[in-house]
Each structure stands twice: as C-alpha cells, then as structure tokens.
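One structure is given here, and the rest of the page talks about it.
The values are calculated or read from the model by the stated rules, or taken from the named source; none is laboratory data. These numbers come from a predicted model, not from an experiment. Every residue, glycine among them, receives a Cβ derived from its backbone with ideal geometry; neighbour counts consider all protein chains shown.
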Amino acid sequence: MKSTSLLLVISAPSGAGKTTVTRGVLKAFPEIQFSVSMCTRSKRDNERDGIDYFFVSEENFKDCMARGDLVEWTKIYDDYYGTTKRVVEDMLSAGVNVIFDIDSKGARAIKELYPDNAVLIFILPPFMEDLRIRLLGRMTDSQEEIEKRLQGAEEELRAISIYDYWIINEDVDVSIERLKTIIIAEKSRLKRMPQVIKERFNILQES
C-alpha cells in the first residue's frame, strides 16, 4: 500500500525565522516528527547530537555518499549536510508525517524521489534588508560569514518556483498559523484518504 505520509520540506534563507516557525508547528502537532540530518560541522554549545543533527566526520559522510545512502546532501561553505534514505523510508513505512529543514537542492531531491508525499514550503523575510539586520543581531557570525549567508539567500530565492507554498514571515505567530493551515489542508487531501475512511463509507475506488 502506498504511504500517505507527508514529507514537509521547509526551506528559507538563513535569518528568515525558519527554526522558530518550525518549532512552533512541531509543538502544535506533536505527532509530526522532525527529520534529523547528518552534518560535518562542529557542534555548537546549545546543540545535542541526535536531536539537532547527527554530527559525523567528513570521512564518514563521504562514505555514506559513496554507498548511495543519502536521499539528499549539500555542501554549505566548508561543511556537508544530508539526509539518509533509511530515515525517510522508515518514516514512510510507519505512516509518520515528517518535517525536513533543508535547502532548495535537498527539496528538489525529495520532490523528485517522493512526488506523492513531498510538500515544499518556502519561508521568506519581509525584505532582504531584514535578513542582514537579523543576522547582525545574532552576533554569532563574522561580517564575512554574514555576506556569505546573504549571497546564499539570493541563490535560494532563485529556486522558489519549485515550492508549493510560500510564507512571508512578518510575524512569527501568524507564520506558524499559516504553516499549520497548510499542513491541515494537505492532510485532508483526497489522495491521502486513510484506509479506515474508505472502509467506513464503502469507498471502493477513487474517481
């Protein structure tokens, strides 16, 4: 039986508020699981291995690439990020809805591999200048790193046409509600009608 799980891909330029919006939605829908990616960068003080990322060496990551174990991967600056096939296939088999925090390259890969399950959402800042202000306000990146992130943001924006939905994050609470609405609507699509509904109402075939 084909899985009706939602693979919710959330992408955004760095500083657009994606993490805050995603956490708000995960709190509202505790049954949705967060896909934990692998990465090769150093763990930050507030991060936990296996919760925020699976932190691995570059050698281990490249071994996974060589074996074809990754559904998607990307290199951001000097670090690699990716999602293993096992994680995705296990979620689909279990009928679990999943949120992925990945870039446009990964979003495209998920959509190509799982077109019936993938739902792509792009979160935008109100204006590009807001990104610069937010990144400066973090006080965690050097000026050079901020410029790299802004350049990366422009590249991500050029890929927005592959997405199904967009949200301009002017207000975090409003953005969370919009994302919740998208998820509810996608869960209610006829193509994801659960078997119990078909049996209860004697729906033998889809028109």
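For (1) at pLDDT 95 or above; (2) under 30 Å from Gly15 (Cα atoms), each residue gets a yes or a no:
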{"residue": "Ile160", "(1), (2)": "no, yes"}
{"residue": "Tyr165", "(1), (2)": "yes, yes"}
{"residue": "Val174", "(1), (2)": "yes, yes"}
{"residue": "Arg178", "(1), (2)": "yes, yes"}
{"residue": "Thr181", "(1), (2)": "yes, yes"}
{"residue": "Ser188", "(1), (2)": "no, no"}
{"residue": "Met193", "(1), (2)": "no, no"}
{"residue": "Ile197", "(1), (2)": "no, no"}
{"residue": "Phe201", "(1), (2)": "no, no"}
>> Checking Glu58 against (1) closer than 25 Å to Pro125 by Cα; (2) in contact (Cβ under 8 Å) with a residue 12 or more places away in the chain: exactly one of these is not met. Which one?
In response: (1)
>> Could you go through segment 79-102 and let me know if any residue there is of a type in the set (A, V, I, L, M, F, W, C), surrounded by fewer than 17 Cβ atoms within 10 Å (Cβ to Cβ) and closer than 23 Å to Glu156 by Cβ.
In response: no
> Filter segment 1-15 for residues that are outside any strand (DSSP E or B) and of a type in the set (A, V, I, L, M); which is nearest to Met128 (Cα to Cα)?
Replying inline: Ala12
>> I'm trying to understand the selection: among the residues of segment 8-41, which are farther than 16 Å from Tyr165 by Cβ, in contact (Cβ under 8 Å) with a residue 12 or more places away in the chain and out of contact with any helix residue (DSSP H, G or I) (no Cβ under 7 Å at 6 or more places or on another chain)?
In response: Thr19, Leu26, Glu31, Val36, Ser37, Cys39, Arg41
>> Among the residues in segment 154-165, are any hydrophobic (A, V, I, L, M, F, W, C), in contact with an Asp or Glu (Cβ under 9 Å, 6 or more places away or on another chain), under 15 Å from Ile99 (Cβ atoms) and surrounded by 14 or more Cβ atoms within 10 Å (Cβ to Cβ)?
In response: no
>> I'm checking my understanding of the structure. Among residues of segment 52-72 that are under 18 Å from Ala107 (Cα atoms) and touching a Cys at 6+ places or on another chain (Cβ under 8 Å), which one is surrounded by the fewest Cβ atoms within 10 Å (Cβ to Cβ)?
In response: Tyr53
